[in-house]
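Here the structure is laid out as structure tokens; the discussion comes afterwards.
The values are calculated or read from the model by the stated rules, or taken from the named source; none is laboratory data. The model shown is predicted, which means the values in this text are computed figures rather than measured ones. Backbone-built Cβ (ideal geometry, glycine too); neighbour counts: all protein chains shown.
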Amino acid sequence: MINIYAPINNLGYGVHANNMIKALTENGQELTLTTIGEVQLDYFFEIYAKTALQNKEKYSAKNPSVHIFHDEFSNAASGKPLLAFSIFETSQLKQASLKMVENGPSDVILTTTQAHADLLKNQKVSKPIEVVNEGIDDTIFNTIPVDKYIDTKKFTYLTVGKKEERKNTDSLIRTFCTTMKEKECALICHTFNPFINNQQDHPFKNLGCWTGVNVLKHGFEYKGFNGKAHTFSYKTCDILFTLPTLPTASMASLYHSANVGIQVSRGEGWDLPLTEMLACGLPVIATDCLGHSEYLPNTPDIQKNLIIPKKEMTIAFDNVWFKGDQGIWDVLDTEILKGKLEETFTNATLYESKCDPLADYMSQNYSWNAAAKQLIDVITKYKG
């Protein structure tokens, strides 16, 4: 029996937990689940989460436990051994996290990539540190054709991840506006951030929840809402801002709506949307940042050619989540991004079909099944 402490929702830790619970169950592990925060069940994972919740009567603190949430709150968990994930996006843990990782009840620190493990060691974390990747579910994310969630009927780019400075959401939208608006193409932005609505209106009416860039000032005109997305157009160029209501099983249809993805973060714990796009055979213009650097360097050439290398770093600061006390993150070279946009559009025929070798690379190396096996091996190693 393995105890899981985690949120069950559609945010990062919740998605991580849902997939890990499913994969562990499919690998023959019996689980208990202690939920963190409000439960939001996705029907794709419902049976696995409910089974683990029903096993709560079998809970014992003498069993191994895994905490999948902010590491600074890992003192709420117990188990023998207790394994706690430390997932972060910059070069340095905040002090509350570092203190809890080092002095809290966890016996083993889990993290998602070797680069993260090295950063923890550099910060003098003395506990055992083990890498357990996140992954993809290739029953959903693959190159099997599905109906497009949005069919723009033109060459289409896609970015996925809630709007924030760390993900360079505004920079990429601004660069797209200035570089691509005279071309017949589209950008789908699945970037809704529920935490930043500051209006009395419904948040779905507040463009600021998707981007801080006023696309109207770039000449785009609002063309309306069709139940799936708000559309802005300039001549034959469109920008679409989607609703954040897609269940997991439908995300592949969103990824298959595009010819090329754009994921240009300053730093990531992993970046599930990027790995899911790649698993769908969708080449992605992507930064070689913390998180991404675990899996991008060995991808097929069609993907390698779209990597934006790390050239410069700066203090991690957005005055929201990052206040300058968590080390540094990457600076996006928007000139390189501009070049990749122009290059992919000019060579559009290369991206007409999904790339099977890219999808195979992800499914063979970074599946949730493989992640669950990694975790089982770590638990066995420290169980004693």
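Yes or no, residue by residue, for (1) acidic (Asp, Glu); (2) outside the structural domain of ASP377 (by TED's automatic domain parsing); (3) over 27 Å from SER265 (Cα atoms):
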{"residue": "GLN54", "(1), (2), (3)": "no, no, yes"}
{"residue": "GLU57", "(1), (2), (3)": "yes, no, yes"}
{"residue": "PRO64", "(1), (2), (3)": "no, no, yes"}
{"residue": "ASP71", "(1), (2), (3)": "yes, no, no"}
{"residue": "ALA76", "(1), (2), (3)": "no, no, yes"}
{"residue": "PHE85", "(1), (2), (3)": "no, no, no"}
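Name every residue in region 307-336 that is more than 27 Å from LEU282 (Cα to Cα) and of a type in the set (S, T, N, Q), in order of residue number.
Residues satisfying the conditions are THR314, ASN319, GLN326.
Taking the criterion of being outside any strand (DSSP E or B), modelled with pLDDT under 95 and touching a Pro at 6+ places or on another chain (Cβ under 9 Å), would at least one residue in region 283-298 satisfy it?
Within region 283-298 (the criterion being outside any strand (DSSP E or B), modelled with pLDDT under 95 and touching a Pro at 6+ places or on another chain (Cβ under 9 Å)), the answer is no, since none of the residues qualifies.
Among the strands (runs of 3 or more DSSP E) contained in region 175-237, which hold 3 or more residues that are within 25 Å of MET277 (Cβ to Cβ)?
185-190, 229-234
Which residue is surrounded by the fewest Cβ atoms within 10 Å (Cβ to Cβ), if the candidates are limited to region 269-297 and must be closer than 21 Å to LEU341 by Cβ and among the acidic types (Asp, Glu)? Walk me through how you get there before you give the answer.
Pass one, region 269-297, residues closer than 21 Å to LEU341 by Cβ: 271, 273-274, 277-278, 280-289, 292, 296.
Restricting the remaining residues to those that are among the acidic types (Asp, Glu) gives 271, 288.
Working: ASP271: 30, ASP288: 15.
Out of the qualifying residues, it is ASP288.
With the condition kept exactly as written, say whether any residue in region 355-368 is surrounded by 14 or more Cβ atoms within 10 Å (Cβ to Cβ), acidic (Asp, Glu) and not in a helix (DSSP H, G or I).
Within region 355-368, none of the residues are surrounded by 14 or more Cβ atoms within 10 Å (Cβ to Cβ), acidic (Asp, Glu) and not in a helix (DSSP H, G or I).
Can we say LYS121 is more than 18 Å from ASP330 (Cα to Cα) and either in the same structural domain as PHE322 (by TED's automatic domain parsing) or not in a loop (DSSP other than H, G, I, E, B) (or both)?
Yes.
Could you grab me the full set of residues in region 47-66 that are surrounded by fewer than 12 Cβ atoms within 10 Å (Cβ to Cβ) and more than 16 Å from THR25 (Cβ to Cβ)?
GLU57, ALA61, LYS62
Would you mind stating whether SER91 is over 30 Å from THR314 (Cβ atoms), in contact with a strand residue (DSSP E or B) (Cβ under 8 Å, 6 or more places away or on another chain), assigned to a loop (DSSP other than H, G, I, E, B) and modelled with pLDDT of 95 or more?
Here the answer is no, as SER91 does not meet what is asked.
It is to be established whether one or more residues within region 35-42 are within 29 Å of LEU246 (Cβ to Cβ), at pLDDT 95 or above, aliphatic (A, V, I, L, M) and in contact with a His (Cβ under 8 Å, 6 or more places away or on another chain).
No, the conditions are met nowhere in region 35-42.
Does any residue of region 19-30 turn out to be on the phi > 0 side of the Ramachandran plot and surrounded by fewer than 22 Cβ atoms within 10 Å (Cβ to Cβ)?
Yes, that holds for at least one residue.
Quick one: which residue in PHE73, PHE69 is part of a helix (DSSP H, G or I), under 25 Å from the mean Cα position of the chain (by Cα) and either more than 21 Å from GLN374 (Cα to Cα) or touching a residue at least 40 places away in the same chain (Cβ under 8 Å) (or both)?
PHE73
Testing LEU254 on (1) touching a Phe, Trp or Tyr at 6+ places or on another chain (Cβ under 8 Å); (2) modelled with pLDDT under 95; (3) aliphatic (A, V, I, L, M), one condition comes back false. Which one is that?
(2)
Select, from LYS338, LYS310, the only residue that is under 22 Å from the mean Cα position of the chain (by Cα) and not β-branched (Val, Ile, Thr). First the steps, then the outcome.
Values: LYS338 fails: under 22 Å from the mean Cα position of the chain (by Cα).
Result of the check over LYS338, LYS310: LYS310.
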